[in-house]
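First comes the structure, then the notes that go with it.
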Amino acid sequence: MSFNEPGFSSEVVHTDARGYRLSTRNGAALDNFGPAPGGEPTGLVVGASVTFGVGASRDEQTISSILNETSAAAWRNAGGKAISSTQELVLFMIDHGDFADLERVVLFSGVAELVVAALGIDADRCGPMFYLDSYQRRMNRRRLSARRRVMKAVFDPFVGPRTDWASASLGDLFRPQRAVDGRAADSGDVVESALKFYRRNLSIWSRLCRPLGVDVAFVLQPVMTWIDKRPSEEEVDLAAELDTRHSNTWNAMRDHFTAETHSRYAAVLAQICAAEGISFFDSNEAFGHGSHHDEWLFVDRVHLNDRGNRVAADYIRGCGLA
């Protein structure tokens, strides 16, 4: 569906020819697919935008790069902006044979799957994905008659974005459509939707990596509303600013990101991982329990700044994964 722009270069972000963000090790950029410079085994941090490093000030401050400061293994970044757990898996299936000397995969993930479910994006067999509505509209686009073009011009502002203008009747236009912002979604349905695809995808991760001799661990990423942390002034100001944006989606999702949701979601994820022989860890433990009151760790309610990435990397290291 989508991935990071390949060959991108700026003062903050660099990606390779396939779109993977470059990590640093010993002061230099680390090739994502060649052997590590010292011949050491390699690790892969897999996930969505937090793993990619949205919020990090530069490549050196992503989770994978911070792990490289002390780890005996060379860690690479397989994070993608706005991708689901299914896309994480598919990317690995495509490229896993090119990751040299791979010893461990850490899935630093969990939130994107809840977000796409909370936004009410339709899930087919592949699972819900960001931009799926836009993709389907473009793939199903047909040349409209003059009459249909007029109908679209008149009614388009008032009906849902999934309207098939080539075949919709007037009755269809006045029939309530499922909102894409998920406001009517039930919290239980959202959690179950996310878990449904994790049951399948984590099973495949296990069956794919075990014969390769690659260890897999799942680390549930932190969310500000899931942890016992008094926010810093910066976190309060950033959240307030984001809430004023017309494109803000938090109001559609806030009911699905409560402490109760976290407790149920984490518990079932742990059960799924245990059944598949995958180690499970919850990084919300490192961010909560009052240990980081008033400390600036988040740039919004999900993405981390440099200090937040360091807390996450320290947690991964403390779990014995790096």
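Within segment 258-275, identify whether any single residue is under 25 Å from W75 (Cα atoms) and touching a Leu at 6+ places or on another chain (Cβ under 8 Å), and answer yes or no. Yes, that holds for at least one residue. So Y265 passes all but one of these: (1) touching a helix residue (DSSP H, G or I) at 6+ places or on another chain (Cβ under 6 Å); (2) among the hydroxyl-bearing types (S, T, Y); (3) modelled with pLDDT under 95. Which condition number does it fail? The single condition Y265 does not satisfy is (3). Residues considered: H256, H292, H262. Of these, the only one that is over 26 Å from S84 (Cα atoms) and surrounded by 12 or more Cβ atoms within 10 Å (Cβ to Cβ) is H292. Pairing residues of segment 195-220 that are charged (D, E, K, R) with residues that are assigned to a helix (DSSP H, G or I), at Cβ distances under 8 Å and at least 6 apart in sequence or on separate chains, gives R199/I272; D215/C209. Annotation: of all residues in segment 3-30 being hydrophobic (A, V, I, L, M, F, W, C) and surrounded by 18 or more Cβ atoms within 10 Å (Cβ to Cβ), the one that is farthest from F130 (Cα to Cα) is L30. A78 satisfies every condition listed in (1) of a type outside the set (V, I, T); (2) over 20 Å from R199 (Cα atoms); (3) at pLDDT below 95 except (3).
Restricting the search to segment 189-222, which residues are in contact with a Phe, Trp or Tyr (Cβ under 6 Å, 6 or more places away or on another chain) and over 12 Å from A266 (Cα atoms)? Of everything in segment 189-222, just one residue is in contact with a Phe, Trp or Tyr (Cβ under 6 Å, 6 or more places away or on another chain) and over 12 Å from A266 (Cα atoms), namely V216. Does segment 52-67 contain any residue that is among the hydroxyl-bearing types (S, T, Y), in contact with an Asp or Glu (Cβ under 7 Å, 6 or more places away or on another chain) and surrounded by fewer than 23 Cβ atoms within 10 Å (Cβ to Cβ)? Taking every residue of segment 52-67 in turn, at least one turns out to be among the hydroxyl-bearing types (S, T, Y), in contact with an Asp or Glu (Cβ under 7 Å, 6 or more places away or on another chain) and surrounded by fewer than 23 Cβ atoms within 10 Å (Cβ to Cβ). What residue, among those in segment 218-235 that are out of contact with any strand residue (DSSP E or B) (no Cβ under 6 Å at 6 or more places or on another chain) and not in a helix (DSSP H, G or I), is farthest from E276 (Cα to Cα)? Filtering first and then ranking leaves S232.
Just to be sure before I move on: is D294 in contact (Cβ under 8 Å) with a residue 40 or more places away in the chain and assigned by TED's automatic domain parsing to the domain that holds V116 in the structure I sent?
yes
The residue that is nearest to A48 (Cα to Cα), among those in segment 73-127 that are without any contact (Cβ under 8 Å) to a residue 60 or more places away in the chain and part of a strand (DSSP E or B), is G79. If you scan segment 259-270, which residues turn out to be within 18 Å of the chain's Cα centre (by Cα) and closer than 14 Å to V223 by Cα? Residues satisfying the conditions are T261, H262, Y265, A266. The residue list S283, S206 contains one member that is under 19 Å from the mean Cα position of the chain (by Cα) and closer than 24 Å to V45 by Cβ, which is S283.
The condition of being touching a helix residue (DSSP H, G or I) at 6+ places or on another chain (Cβ under 9 Å) and in the same structural domain as V216 (by TED's automatic domain parsing) does not hold for A100. In this structure, is V54 of a type in the set (A, V, I, L, M), assigned to a loop (DSSP other than H, G, I, E, B) and over 22 Å from I316 (Cβ atoms)? Answer is no for this residue. The residue of segment 275-322 that is modelled with the lowest pLDDT, among those that are within 13 Å of L67 (Cα to Cα) and in a loop (DSSP other than H, G, I, E, B), is A322.
Criterion first (at positive phi and in contact with a strand residue (DSSP E or B) (Cβ under 7 Å, 6 or more places away or on another chain)) does G120 satisfy it? No, not satisfied.
For segment 142-155, taking the residues that are at pLDDT below 75 and either outside any loop (DSSP other than H, G, I, E, B) or in contact with a Phe, Trp or Tyr (Cβ under 9 Å, 6 or more places away or on another chain) (or both), the one that is farthest from S85 (Cα to Cα) is identified as L144.
The values are calculated or read from the model by the stated rules, or taken from the named source; none is laboratory data. This structure is a prediction, so every number in the text was calculated from the model and none was measured. We place every Cβ from the backbone using ideal geometry, glycine too, and count neighbours over all the protein chains shown.
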